[in-house]
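The values are calculated or read from the model by the stated rules, or taken from the named source; none is laboratory data. Note that the coordinates shown come from a computational prediction; the quantities given were computed from them, not determined experimentally. All Cβ positions, glycine included, derive from the backbone under ideal geometry; neighbour counts span all protein chains shown.
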Amino acid sequence: MKEPELIVADEPTANLDPSARMEFYEAVMKLNRRGVTFFISSHILSELEKIITHAVFINDGRITFAGRINDTMAGEEEEVYLLVDNPEKAIRVLGQGEMEGGYLKVKGRMREIVDKLDDAGVNVINVRRYSLDEAFKRFSSI
């Protein structure tokens, strides 16, 4: 029986163009399916959240979170980012929200928010919860 392998990588995509980054992460996922474990240190959390299952946040030399990425984003009321066809109407329907770039940021339960917008005829193009970057900020301010 072969022992599982561990690969440690420090900022492995730092100087890669977008195409090479995608190739790298595809290779990581392929090797992981074969039993290879990766320990990746990176400041680009938004890239990692697409391929990782667990995270450790370190801030000022202190571990501020260790666990499954699902647990970094769990909560009763969450921040939800929506790309919608009519942001002004969405804000009126929800009674809240602020724009961050092209996305509308609101607080609440994702399913309820999307259902409410759908019922009002607002087309939801894309929806996401807050990212690992936002989770890092939250856990680092505790």
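Brief remarks on what is shown
- Among strands (runs of 3 or more DSSP E) entirely within region 1-120, having at least 3 residues that are in contact (Cβ under 8 Å) with a residue 12 or more places away in the chain, aliphatic (A, V, I, L, M) and within 18 Å of Ser131 (Cα to Cα) singles out 78-84.
- The residues of region 105-142 that are within 17 Å of Ile58 (Cβ to Cβ) and of a type in the set (Phe, Trp, Tyr), listed by number, are Phe136, Phe139.
- Scanning region 117-142 for residues that are surrounded by 13 or more Cβ atoms within 10 Å (Cβ to Cβ), of a type in the set (Gly, Ala, Ser) and more than 22 Å from Ala66 (Cα to Cα) turns up just one, Ala120.
- For region 43-64, a residue qualifies if it is touching a helix residue (DSSP H, G or I) at 6+ places or on another chain (Cβ under 7 Å), among the hydrophobic types (A, V, I, L, M, F, W, C) and farther than 9 Å from Ser140 by Cα, and the qualifying residues are Leu45, Leu48, Ile51, Ile52, Ala55.
- Residue-level analysis places Gly95 outside the set of residues that are surrounded by fewer than 14 Cβ atoms within 10 Å (Cβ to Cβ), closer than 29 Å to His43 by Cβ and either over 19 Å from the mean Cα position of the chain (by Cα) or not assigned by TED's automatic domain parsing to the domain that holds Ser41 (or both).
- Of the residues examined, Val80 is not one that is farther than 29 Å from Ser42 by Cβ and either surrounded by 17 or more Cβ atoms within 10 Å (Cβ to Cβ) or in contact with a Cys (Cβ under 9 Å, 6 or more places away or on another chain) (or both).
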